[in-house]
Structure formats: C-alpha cells, structure tokens
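Asks: Just passing along the structure, written as structure tokens.
The values are calculated or read from the model by the stated rules, or taken from the named source; none is laboratory data. On a predicted model such as this, the values are computed, not experimentally measured, just so you know. Quick reminder, even Gly has a Cβ in these numbers, built from the backbone with ideal geometry, and neighbours come from all protein chains shown. Quick note on the areas: whole protein, heavy atoms, side chains included, nothing else; ligands and nucleic acids left out. Shrake-Rupley method; radii C 1.70, N 1.55, O 1.52, S 1.80 Å.
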Amino acid sequence: HTARFPFSKSISDFDFEFQPSVNEKRVKETLTCRFIKNGENRILLGPPGVGKTHLAISFGMEALVKGYTVKFITADEFVNECRKASAKETLHYFINRMSKPDILIVDELGYFPFDELTANVFFQIVSKRYERGAMILTSNKSYVEWGKVFGDDVLATAILDRLLHHSVTFNIKGQSFRMKEKKQAGIIP
Ligand code: ADP
Ligand code: MG
C-alpha cells in the first residue's frame, strides 16, 4: 500500500513482558489515534532491536485502518530522496509530499548524520507539520545527541522545540529482541 512499510507488524505481536520499559498504557492510548487529530508526535528512542520500528509500524497500520493517510520513510531514504529532489530542482514537491499525509513516520534517525541541506529541509517539514500533522520518529540517539544527528546544535534545538511541544517520548531501555531469538536458537550464548 501507499504507506510503504518495510514489514507488516501488529501490536498483537508485541511482547510487553519482554520489554517492560514500554508503557503499555501509552501504547494503547496512541493506538486510539487521537494524537493524529491533535497533530501530536510520538517519538521512540532506544538501542537497536528493542522494537522501535515494530511499534512505529503498528501505530501506522492502525491509523490506516482508521482511514488516515500514512507515509513511512527511513531516515536514509529521506536523505536520498531529498538530495535527488534538490538535484532535479523539485524540492518543493518533496517537501509537499512529506507535509501532506496525516502521519509522517521517519524511521531510524541517527544512524547516519544528515547533511546541511537535508537537515534544513527536515526542519521545514517539521515546521510545516507543527500542530497540524502528526509525526512518528524513531532514533537510537538520545535528544542530547540530536545536534550531531542534524549536524547543527541550534537547528536541532529548533527542531526539538517544535517536535516536543505536543508529544510523547517512549524511552525504551532493554535487551534486543533479535538477540533473545538468537539466544533461544543457541546461535549465541
Ligand atoms: P528497532 O527498530 O528498535 O531496532 P525492531 O522493531 O526492528 O527494533 O525489532 C527487531 C525485531 O524484533 C522485529 O522483528 C520485531 O518485530 C521484533 N521485536 C522487537 N521487540 C519485540 C517485542 N517486545 N515483542 C515481539 N517482537 C519484538
Ligand atoms: Mg528499527
């Protein structure tokens, strides 16, 4: 479908007992999709494998079921598409495409820092969506490290100021689910 999720995941597949730092009440509240109407954000932080993308997809799929429009993009794809659009002088079109859907999900912020152009475009999109369109972001970097993610502390502060005004942060601390599966299979001790 149009949202282009990398894989299909539902909240019914999520093991809350394995990841007790995930506030189940907040997850259930998010699944009501009220945050979309209010133009709020949901931000999932934590190390690899703790279920950030799984939860982001679950939220997005529930929103689709409820009739909202959803765009899913990884931070890497965001950078690539942004650069391509700039080269073709179609940045305004890219910014519109990222501003229109009811929810924009940007997955895996922070693995690679944004270049200056992409960071500025990201700021423009966050500003356009502010109090109008919901965003779901996932990152392996804590907020204090977002200056490095966007290559600019002042810009990162401006982005976070808007993002965090109406938002819930899921700070996931725990073990990687992937490692759990490997341990159970006897692949690693
Ligand atoms: P992250 O995005 O935080 O790196 P993912 O969401 O991609 O992690 O999770 C890695 C894999 O483990 C996925 O297949 C996901 O469905 C699964 N997974 C992670 N956490 C849980 C959990 N608590 N219950 C069930 N499956 C999980
Ligand atoms: Mg992920």
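Asks: Magnitude of the Cβ-charge dipole of the range 20-184, K/R +1 and D/E -1, about the Cα centre, nearest 20 debye?
Replies: With only Lys, Arg, Asp and Glu charged at Cβ, the dipole is about 580 debye.
Asks: Please list 3J(HN,Hα) in residue order for the range 131-147, calculated via the Karplus relation 6.51 cos²θ - 1.76 cosθ + 1.60 where θ = phi - 60°; whole Hz, with x for glycine and proline.
Replies: Per-residue couplings from phi come out as 6, 10, x, 6, 10, 10, 10, 10, 7, 8, 10, 6, 4, 5, 8, 6, x Hz.
Asks: Can you list residues whose amide H is under 5 Å from residue 50's amide H, if they're 5+ apart or on another chain and H is modeled 1.01 Å from N?
Replies: 177
Asks: Related question: Run the accessible area of the range 20-184 with a 1.4 Å probe and give the carbon-and-sulfur part as a rounded percent. Walk me through the numbers before you get to the answer.
Replies: Values: 4170 of 8080 Å².
Solvent-exposed carbon and sulfur of the range 20-184 make up 52 percent of the total.
Asks: A follow-up question, please. Report, by chain and number, residues whose modeled amide H sits under 5 Å from the one on residue 74, excluding near sequence neighbours (fewer than 5 apart, same chain).
Replies: Residues meeting the criterion, in which the H sits 1.01 Å from N, are 107.
Asks: Students often forget the sequence filter, so: which aspartates and glutamates lie under 17 Å Cα-Cα from residue 28 once same-chain residues fewer than 8 apart are removed?
Replies: Output for residue 28: 13, 15, 17, 40, 62.
Asks: Hey, rough spin-label estimate for residue 171 and residue 15, points 7 angstrom out along Cα→Cβ, what's it come to in nanometres?
Replies: Rounded to a tenth, the inter-label distance reads 2.6 nm.
Asks: While we're looking at this one, here's another question. Hey, which aspartates and glutamates would be in cross-link range of residue 141, C-alpha to C-alpha under 16 Å, not counting anything within fewer than 8 residues on its own chain?
Replies: Counting by Cα, and skipping residues close in sequence, residue 141 has these aspartates and glutamates nearby: 76, 107, 108, 152, 153.
Asks: May I pose another question? With θ set to phi - 60°, apply the Karplus curve 6.51 cos²θ - 1.76 cosθ + 1.60 along the range 118-127 and write out the HN-Hα couplings as whole Hz, x wherever there is a Gly or Pro.
Replies: Running phi through 6.51 cos²θ - 1.76 cosθ + 1.60 with θ = phi - 60° gives 5, 4, 5, 5, 4, 4, 4, 5, 4, 5 Hz.
Asks: Would you mind checking 100/173; 52/182; 66/180 for any pair whose Cα atoms are more than 29 angstrom apart?
Replies: Result: 100/173; 66/180 exceed 29 Å.
Asks: Please enumerate, by chain and number, the lysines with C-alpha under 19 Å from the C-alpha of residue 84, excluding those fewer than 8 residues away in the same chain.
Replies: 71
Asks: Now, a different point. Considering only the other residues whose Cβ falls under 14 Å of the Cβ of residue 157, what net charge follows from Lys and Arg at +1 and Asp and Glu at -1? Please list the in-between numbers first.
Replies: Numbers: positive: 148, 162; negative: 145, 152, 153, 161.
Cβ neighbours under 14 Å give a net charge of -2.
Asks: Starting at the first residue of the range 30-43, write each ³J(HN,Hα) from the Karplus equation 6.51 cos²θ - 1.76 cosθ + 1.60 with θ = phi - 60°, in whole Hz, x for Gly and Pro.
Replies: 5, 5, 5, 6, 4, 4, 6, 4, 8, x, 8, 10, 10, 10
Asks: In square angstrom, what is the accessible area per residue of the chain with a 1.4 angstrom probe?
Replies: Dividing the accessible area of the chain by its residue count gives 52 Å².
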